[in-house]
Amino acid sequence: MLLGAAQPQGNLPNIRGKRQCSQRMAKALCTNEKFRKQALERTWRNIDPAKLRVDVQAHPDDCNDARAQRFGCSGKAIRQALQKLNIT
C-alpha cells in the first residue's frame, strides 16, 4: 500500500469510467427534476383557501390543531396554507 493513495471509503459504489459516472448523474438529475415537478403540482389538496379565510375570520383565536380537526387534515397543513394566504 502506497502512502497518499486514495482508499475506497465505506459503502460508496465503485464507479469506473466517465460513462458510468455520467449515467449515474443523469439518473440523479432526472429523479430530482421529477420530485421538483411533483412539488410544484401539489397545491391546496384538501384545504379550500376561501373556506380557510372564512374560518380564520369566524374563529380568530383558534389554534391550528382545532382548525385541522374541522378541515380533516394536519396542523402542519393548516400552517402551510395560512402561510400561502399570508396570514400569521
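Taking residues in region 77-88 that are in a helix (DSSP H, G or I), and partners anywhere that are of a type in the set (D, E, K, R), the pairs with Cβ atoms closer than 6 Å and at least 6 places apart or on different chains are Ile78/Arg67. Listed by first and then second residue, the pairs with beta-carbon distance under 7 Å, at least 6 apart or on different chains, first residue in region 55-70 and surrounded by 12 or more Cβ atoms within 10 Å (Cβ to Cβ), second part of a loop (DSSP other than H, G, I, E, B) and of a type in the set (Gly, Ala, Ser), are Ala68/Ser74. Checked against (1) modelled with pLDDT under 90; (2) part of a helix (DSSP H, G or I), Ala66 meets all criteria but (1).
The values are calculated or read from the model by the stated rules, or taken from the named source; none is laboratory data. All of these numbers come straight from a predicted model, not from anything done at the bench. Cβ coordinates were reconstructed from backbone atoms using ideal geometry, including for glycine residues, and neighbour counts include every protein chain displayed.
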